[in-house]
Each structure stands twice: as structure tokens, then as C-alpha cells.
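Trainee: The following block contains the structure, expressed as C-alpha cells.
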Amino acid sequence: MQIRERSGDLVMAIAVLAIGVAALVGSLSYVYQTEFGPDAGFFPFWLGLAQTAVGAALVWTTIRVRHEPHTKRPIGTRRQFGTAAAFIVYVVVLPLLGFSASTFVFLVAVLALVEARPWLVSLLYAAGGTASFVMLFEWAFRLKLPAASIF
Amino acid sequence: MESFSSLALGFSIALTPENLLYCLAGTFFGTVVGVLPGLGPAAAITILLPLTFGMDPISAFIMLGGIYYGSQYGGSTTAILLRMPGESSSIVTTFDGYAMAKQGRAGPALAVAAIGSFIAGTIAVVALMFVGPLLAEAALAFGPPEYFAVALLGLCALIFVEGGSKLKALASAGGGFLLAMIGLDPVGGQERFIFGQLDLLDGIDFVVVAMGLFAVAEVLVSLEDAYSAKPMSVRLRNLWLTWDDWRASWKPILRGSALGFVMGVLPGPGTIATFASYGIERHLSKDRSRFGRGAIEGVAGPEAANNSDTIARFVPLLSLGIPGSNVTAILLSAMILHGLTPGPLLFTQEPDFVWALIASMYVGNAMLLVLNLPMVPLFASLTRIPYSFLYPAVLVVTVIGVYAIDNDMYNVWLLALFGAIGYLMRRFEFPAAPLVLALVLGPLVERSLYRTMTINQGDVSVIFTRPISGTIMACIGLVLIGPPLLRFWVARRSANLAKRSVQ
């Protein structure tokens with residue numbers, strides 16, 4: 001996917017503005033001040049206002065400032081998308097399959113599919129890596145790793 | 001004298017076999033982190049932080065501190081051998097370090113970087129030993145207005161001193177403050193912005209955000225470049241300085257040490273000290289044309305400034321409880337997670353912790369010198385490991401790290417979310433450091449402001465009228481108007497010079 005630099009900047013600026021407005025509106029549902037001093041709504045209100053102003057300034061400068069002829073830069077390479085997708089799947093299946101199985105699958109997927117390494121190398125790396133993580137973190141450091149919920 | 005007896009106490013703790021091992025592990029791992037591009041000290045410390053939960057806080061911080069200053073040593077190795085700065089603070093080292101390496105003088109460049117770092121690190125620890133307690137004592141007089149002002153100064157320095165869009169840095173800091181609002185409000189305990197999610201009642205864990213923004217996003221960004229490097233081979237016998245090298249380097253090392261310490265005590269990005277040191281050395285040189293072509297002073301000064309700056313960052317952290325950079329912000333959170341209360345009382349309430357940490361810095365600096373010189377070929381060979389084998393492991397370790405905080409998958413999902421946000425921020429040049437710092441300082445800023453207003457019947461002018469907070473606010477004003485004024489002056493001077501040369 002390729003997007004124009006300026007469009008991306010504008011989307012980010014609008015996102016900042018939207019966050020500011022949301023915080024400002026959200027802060028109105030909290031008490032601003034009591035007789036003893038400021039309350040829960042005080043800081044979020046001023047912060048929301050400031051963030052809205054910064055967001056508006058960002059939108060304004062993005063629209064107003066003359067850009068060089070639009071250069072197209074990729075917002076994500078195949079490698080990035082592949083890794084990001086594998087990572088999201090990993091995070092989703094982690095509580096279902098547990099740490100060992102999902103980590104093994106994740107490492108194989110990244111190495112074999114994203115990095116196009118030979119399958120045997122990927123399988124050996126994934127098996128060795130998963131075993132090392134379990135030994136180091138669960139056995140040596142005594143950390144609890146996610147357990148499987150479907151087995 | 002009191003400092004020396006406290007230091008003796010610190011050494012008695014830092015020199016136990018267990019703590020020596022943690023110090024060695026920290027400095028070694030830090031050097032590896034510095035050598036490997038795509039994994040900075042901020043990410044490394046956040047990744048390892050959950051592993052320290054079961055450890056004694058002193059041992060944990062000896063290790064984490066070792067990672068921090070060890071990474072600065074490691075960063076210079078790749079900067080000199082590959083023209084690839086492992087850390088942003090090593091960018092300057094590439095100018096003359098790589099030029100020296102190309103001339104077959106990689107050994108002296110690495111040696112002066114290691115020795116300069118050792119000398120500067122040691123000088124900075126001595127200075128920390130004296131300045132830290134003094135500052136902590138002065139800070140005992142701090143009230144809410146002063147804490148508010150100091151926190152604001154730290155944030156402003158990070159936003160306005162570094163290059164790049166100030167608006168984007170402000171937006172990033174605003175985002176951090178807004179994230180800090182999630183959970184219970186720090187004064188009345190009322191729930192805010194939790195959107196019905198009970199998991200958000202305790203707020204968003206700082207470690208999760210830092211790992212997402214620094215580790216996951218860093219991995220995603222680094223995948224844009226096909227990273228491969230062939231390091232030069234360095235023979236151990238080449239790693240020595242000639243008499244001429246020593247003569248050219250000792251003054252830059254001392255100047256860099258002093259400059260780095262001053263810059264490190266002040267909040268702001270660490271790269272400034274190295275660039276400033278390079279500029280000074282170039283200015284003082286009789287033959288400026290040598291700079292960029294392999295001048296050893298161009299390596300000695302900035303490397304010394306870099307390490308001195310790193311150690312000096314512990315001064316505001318330990319004495320005021322105020323982080324001046326993203327790494328010290330992580331260390332501050334780590335202290336809180338370990339049940340310590342950073343701030344002026346730390347020196348009196350936790351002397352074992354503070355002085356053992358300071359003593360471990362002497363030990364760690366010596367370890368780094370011993371580690372770095374003979375092991376340079378080994379560290380350089382680490383860059384031969386294909387990145388495709390490294391980054392999946394880094395991602396798995398981040399998942400283990402955030403899961404270990406509460407044994408809760410919620411944090412893992414937030415990690416993925418902040419990884420994506422961090423990637424977009426990096427891609428569109430929104431700096432992550434102000435967000436992280438604002439997230440850490442958010443509760444302190446809010447609490448200090450509330451207390452100031454409550455004590456003074458809603459009047460905030462006391463922040464400007466009290467001597468200490470007023471001075472700090474004046475410093476903030478200087479930080480805000482200083483850089484534009486300097487730019488204006490430089491532009492005017494250049495225009496005048498151009499006019500004169502035309503005439």
C-alpha cells in the first residue's frame with residue numbers, strides 16, 4: 001500500500017485533533033471544581049483544550065505548508081505487513097494454544113513465510129527458540145507463561 | 001567525607017559476588033544491545049524489566065543501570081566499524097571514527113572510544129557522588145509548585161531542544177498526558193476515561209506503552225531497511241594508542257567529560273552533548289579540515305561526552321525523582337514498580353540502594369573497559385547475525401515481558417496496539433520520547449498542580465512568584481525562546497557575512 005506523504009500527515013493531524021476534541025468533550029462529564037479546589041475534570045479539560053489547539057494547528061500547517069512535489073514512500077513493505085500480521089495472529093491465538101505451541105507457529109511463520117528461509121532451518125530455529133524461551137523464562141526466571149485454554 | 005563513607009557502604013554491597021554477576025550481565029547485555037541496530041537501551045530495559053520483579057531492587061538496578069551505560073559503549077563499535085551508529089548518541093562518532101577505520105586506524109579509534117568513555121564515566125560518577133546528595137538536600141525544600149515546574153522543565157526541554165516539528169512533539173506529549181488520565185484520578189480517586197473496561201481502572205501500564213513504542217515499533221521500522229553489514233576485521237594488537245594519539249585525545253576527553261555531565265544533568269536529548277563536544281573540538285582545533293577525515297579528537301570528545309551524559313542523567317533521577325530522558329523515565333517507573341519512592345528522600349531513606357548503584361557504576365565502567373577492548377572482534381561479529389533471526393525473538397520476549405507484569409493477556413493486546421501506534425508515530429515523525437515522559441510525569445504534574453491550587457485558593461501565580469519554582473519557570477522560558485533566538489542570531493550573522501563578502 002502506498003499513500004501520499006501529505007495525506008498521511010493530514011490523517012495523523014486529524015487524529016490528533018479528534019483525540020483532543022474527544023478528551024475535551026469527555027472531560028465535561030467529570031466535576032471541574034469543588035469548594036476545596038480543582039477536581040477530576042480540571043486537568044483533562046485543559047489538556048483536551050490544549051490538544052485540540054495543537055491538533056488544529058497541525059491540520060492547518062499540513063494544509064497550508066507547501067510541500068515538495070509529492071514523493072511516494074511505502075507505508076509498509078511486504079516484510080512489515082507479513083510480520084505485523086503474524087504478530088497479530090500470535091497475540092490472538094496465544095491464550096488459546098498457550099505459549100509453546102503459538103510461539104513455535106509464530107517463529108516458523110515469520111522465518112519460512114515472511115523471510116523465505118528454508119523450512120528445515122525455520123523449523124529448527126522455531127523448536128530451539130521456543131525451548132530456549134521456556135527454559136529461560138519459565139524454568140530459570142520462574143515466570144508464568146500463557147497457558148492453553150483449548151486443550 | 002560523608003559521601004566517602006556512604007560510597008564505602010555502596011561498595012560493600014556492589015562487590016558481593018551476586019551483584020558483581022548482575023553488573024557483568026548488565027554491562028555485557030548493554031554492550032550487545034548497543035552493537036545491534038534496531039534495539040536501543042530503552043527497549044532493552046523495558047523488555048528485561050519484568051524479569052527483575054522477583055529480584056532484589058539493588059541487584060535489579062545494578063543490572064538495568066549496566067545495560068544503560070553499557071549500550072553507550074556498544075554503540076560506538078558499530079559507529080566506527082560499520083558507519084552504523086548503534087545508538088543516536090553515537091551518530092557523531094561515525095564522522096571521524098569511520099574515517100579512521102577506513103584509513104586502517106580502527107584499533108586506535110575503538111581504543112580511544114573505550115578509554116575516553118571509561119575516563120568520562122568515572123569522572124561523571126565522582127561528580128554524581130557529590131552533586132546528587134547536594135541536589136537532594138536542596139530539593140527537600142521543594143513543594144508542589146517546584147515539582148510542577150521541574151516536571152514541566154523536563155518535558156519542555158525534550159520537546160523544544162531536539163530538532164523536528166515542535167507541534168508533533170507537543171501532540172506526542174499531549175497524548176502521553178491523556179494516557180496518564182486513564183484510570184483513577186490521583187487526587188479524588190474518581191474513575192476517568194475507562195470506557196467501562198475494568199482492566200483500565202489501574203491505568204495503562206507504562207511498561208506496556210514503552211515496549212510497544214520502543215520495541216515493537218522499532219522492529220517494524222527496522223524491517224523497512226534490508227539490514228546487512230560486513231564488519232571490518234580488527235586485530236587485538238591494533239587496539240592501542242600511540243603517544244601522539246594520547247596527546248591529541250586527553251584534553252578532548254576531559255572537555256567532553258565536563259560538557260557531558262552538565263548536559264546530562266539538564267533534561268533533554270542525549271545527542272546534544274555529543275554534537276556540542278564535536279563542535280567545540282572542531283572549533284578549538286588548529287586545523288579544522290581534519291575533522292570528518294579521521295581526527296581522533298572527533299572521536300575522543302564526543303564519546304567522553306556521551307558516557308558522562310549517561311551517568312549524569314542519574315543526578316535528577318536519584319535526587320529529584322525527575323527523569324530527563326526516555327531511558328531514565330523507564331528507570332523511574334522501574335523504581336516505583338520495585339516499591340521505591342524516587343525523589344529527594346531516596347538518599348536518606350534508601351542509602352543502600354543509592355550508594356550501591358553509584359558504586360556499581362565505578363565497577364561497571366571498569367568492567368566495560370576490560371570487556372570492550374579485548375572483545376571488540378566478538379561484538380563486531382555479532383552484527384553478522386542475520387536480522388531475520390533476531391527480530392522474531394525480540395517480539396516474543398516483549399510478549400513474555402508484558403504478560404509477566406500481571407499475567408494478563410490484556411497487556412499483550414495493548415502491546416500490539418501501541419506497537420501499531422508507535423510505528424505510525426515513527427513513520428510520520430512524531431517523537432515517542434515526549435509521550436513516554438508525559439505518561440510518567442502526568443500524575444506528578446496533575447497532583448502538584450492540584451495541591452498548588454488547593455493550598456493557594458485556586459491561585460497558580462505562586463508557581464511564578466516563589467523563588468525556586470519561579471527560577472525554574474524562567475529556565476522554561478529560556479528553553480522556549482532560546483533556540484528560535486539563536487537561530488535568528490545565526491541567520492542574521494550569516495546574512496551579514498554574506499553581504500560583506502559580496503561588497
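Trainee: What FRET efficiency comes out for B:S494 versus B:D244 if R0 is 41 angstrom and r is the Cβ-Cβ distance? Round to the nearest 0.05.
Mentor: E between B:S494 and B:D244, to the nearest 0.05, is 0.70.
Trainee: 5 Å is the cut-off here: which amide hydrogens, built 1.01 Å from N in the peptide plane, fall below it relative to B:G321, excluding neighbours closer than 5 in sequence?
Mentor: Distant-sequence amide H within range of B:G321: B:G343.
Trainee: Give me the distance in nm between label points sitting 7 Å out from Cα along the Cα-to-Cβ direction at A:T34 and B:R288, one decimal.
Mentor: The two pseudo-label positions are separated by 6.3 nm.
Trainee: Mind putting a number on the dipole of chain B about its Cα centre? Charges go on the C-beta only, +1 for Lys and Arg and -1 for Asp and Glu, and I need it in Debye to the nearest 20.
Mentor: 2480 debye
Trainee: Could you give the nm distance between label points at B:V262 and B:F389, where each point is 7 Å from its Cα heading toward the beta carbon?
Mentor: 4.7 nm
Trainee: A further question on this structure: Rounded to the nearest 0.05, what FRET efficiency do B:N456 and A:V21 give with R0 = 22 Å and r taken as the Cβ-Cβ distance? Could you check?
Mentor: Between B:N456 and A:V21 the formula returns 0.10.
Trainee: Still on this model: With axes computed from alpha carbons, what is the tilt in degrees of helix A:42-64 against the longest principal axis of chain A, rounded to the nearest 10 within 0 to 90?
Mentor: Tilt of helix A:42-64: around 90 degrees.
Trainee: Moving on to the next point. Of all alpha-carbon pairs in the protein assembly as shown, indicate the percentage at a distance above 47 angstrom.
Mentor: 14 percent
Trainee: Right, here's the next one. From the Cα gyration tensor of the stretch B:75-120, with a ≥ b ≥ c the square roots of its eigenvalues, which class applies: rounded if a/c is under 1.5, or else prolate if a/b is larger than b/c, or else oblate?
Mentor: oblate
Trainee: Using DSSP loop states and a limit of at most 14 other Cβ atoms within 10 Å to flag trypsin sites (Lys or Arg not before Pro), what is the longest stretch of chain B containing no flagged site?
Mentor: Longest site-free region, per DSSP loop and neighbour criteria: B:1-234.
Trainee: If amide H atoms are built 1.01 Å from N in the plane of the peptide, which residues on other chains or at least 5 residues away come under 5 Å of the amide H of B:R293?
Mentor: Hits under the 5 Å cutoff: none.
Trainee: Still on this structure: Could you count how many Lys pairs in chain B have their Cα atoms under 25 Å apart, skipping same-chain pairs fewer than 8 positions apart?
Mentor: Close lysine pairs found across chain B: 4.
Trainee: Please give the direction-averaged projected area of the C-alpha convex hull for the stretch B:349-503, in square nanometres with one decimal.
Mentor: Quarter of the Cα hull surface area: 19.8 nm².
Trainee: Pick out, from B:G324, B:S308, B:T274, the residue whose Cα sits farthest towards the positive end of the charge dipole of the stretch B:272-334, with +1 on the Cβ of Lys and Arg and -1 on the Cβ of Asp and Glu.
Mentor: B:T274
Trainee: What do you get for chymotrypsin sites (Phe, Trp or Tyr not before Pro) in the stretch B:234-335 restricted to DSSP loop and a cutoff of at most 15 other Cβ within 10 Å of the site's Cβ?
Mentor: Listed in order of number, the matching sites are B:W240.
Trainee: Still on this model: So who's got an amide H within less than 5 Å of the one on A:Q33, skipping anything under 5 residues away but keeping other chains? H placed 1.01 Å off N, in plane.
Mentor: HN-HN under 5 Å from A:Q33: A:D39.
Trainee: Now, a different point. FRET efficiency for B:F464 and A:L120, Cβ-Cβ distance as r, R0 = 56 Å, nearest 0.05?
Mentor: The computed FRET efficiency comes out at 0.20.
Trainee: Run through every distinct alpha carbon pair of chain A and return the Kirkwood hydrodynamic radius in angstroms, one decimal place.
Mentor: 20.0 Å
Trainee: I would also like to ask the following. If you take the square roots of the eigenvalues of the alpha-carbon gyration tensor of chain B and sort them as a ≥ b ≥ c, do you get rounded (a/c under 1.5), prolate (a/b over b/c) or oblate?
Mentor: Verdict is rounded for chain B.
Trainee: Further question on the same structure: Given Cβ point charges of +1 (Lys, Arg) and -1 (Asp, Glu) and nothing else, what value in debye, to the nearest 20, does the dipole of the stretch B:394-503 about its Cα centre take?
Mentor: Dipole about the Cα centre, nearest 20: 940 debye.
Trainee: Same structure again: At 222 nm, what value in deg cm²/dmol follows for chain B if DSSP H runs of at least 4 each add -39500 (n - 2.57) and the sum is divided by all its residues, to the nearest 500?
Mentor: Value at 222 nm, helices only, nearest 500: -24500 deg cm²/dmol.
Trainee: Once you sort the root eigenvalues of the Cα gyration tensor of the stretch B:95-164 as a ≥ b ≥ c, which label holds: rounded (a/c under 1.5), prolate (a/b larger than b/c) or oblate (the other case)?
Mentor: oblate
Trainee: Charges only on Cβ, +1 for Lys and Arg, -1 for Asp and Glu: so what's the dipole of the protein assembly as shown about the Cα centre, in debye to the nearest 20?
Mentor: It works out to roughly 2920 debye.
The numbers here are math on the coordinates, done by the rules we state, and not lab data. What you see is a predicted model, and the numbers here were worked out from it, not measured in a lab. Cβ: placed from backbone, ideal geometry, glycine included. Neighbour counts: every protein chain shown.
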